[in-house]
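Asker: Starting off with a structure, shown below.
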Amino acid sequence: MEASAKSTSIDPFAAPRWHGARAPEPWPDALLENFCLRMSSQGMCVSRAMMSCDRRYALEQISHGHNMADDTLRAMAVELFRHFVTQRSGIAGVH
């Protein structure tokens, strides 16, 4: 094998990569955990790992949460979506 050949092995312990333009800040831990638990109580299974590394999956789950007949879950979904938009736009969130 040539010395210039690069190894293409995949590190299974590496941090997940966001399938988007740049890696965002992680979701707020408590909010994401409560969102997943609340979705579970509505019969929807949400993967925290997928929420962290797949933008389409995350937006789909946020959309499902927003459309549920649960005002608390809807508020969580709005907060997660605002976090998502803030990360994508580069605009600092309002606290």
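The values are calculated or read from the model by the stated rules, or taken from the named source; none is laboratory data. These numbers were taken from a predicted model, which means no experiment stands behind them. Cβ sites come from the backbone with ideal geometry, for glycine too, and all protein chains shown count toward neighbours.
Asker: Checking the condition modelled with pLDDT of 95 or more and either loosely packed, with under 14 Cβ neighbours inside 10 Å or outside any loop (DSSP other than H, G, I, E, B) (or both), which residue from 64, 95 passes?
Answerer: Step by step, each of 64, 95 is checked, and only 64 is modelled with pLDDT of 95 or more and either loosely packed, with under 14 Cβ neighbours inside 10 Å or outside any loop (DSSP other than H, G, I, E, B) (or both).
Asker: Name every residue in segment 67-89 that is small (Gly, Ala, Ser), modelled with pLDDT under 95 and part of a helix (DSSP H, G or I), in order of residue number.
Answerer: The answer is 89, and nothing else.
Asker: Further, regarding this structure: Quick one: how many residues across segment 19-35 are loosely packed, with under 10 Cβ neighbours inside 10 Å and either at pLDDT 55 or above or assigned to a helix (DSSP H, G or I) (or both)?
Answerer: Of the residues in segment 19-35, 3 are loosely packed, with under 10 Cβ neighbours inside 10 Å and either at pLDDT 55 or above or assigned to a helix (DSSP H, G or I) (or both).
Asker: Take residue 16 and decide whether it is assigned to a loop (DSSP other than H, G, I, E, B), at pLDDT 60 or above and not hydrophobic (A, V, I, L, M, F, W, C).
Answerer: No: the conditions fail for residue 16.
Asker: Residue 38 - would you say it is modelled with pLDDT of 95 or more and either crowded, with 16+ Cβ neighbours inside 10 Å or small (Gly, Ala, Ser) (or both)?
Answerer: The answer is yes for residue 38.
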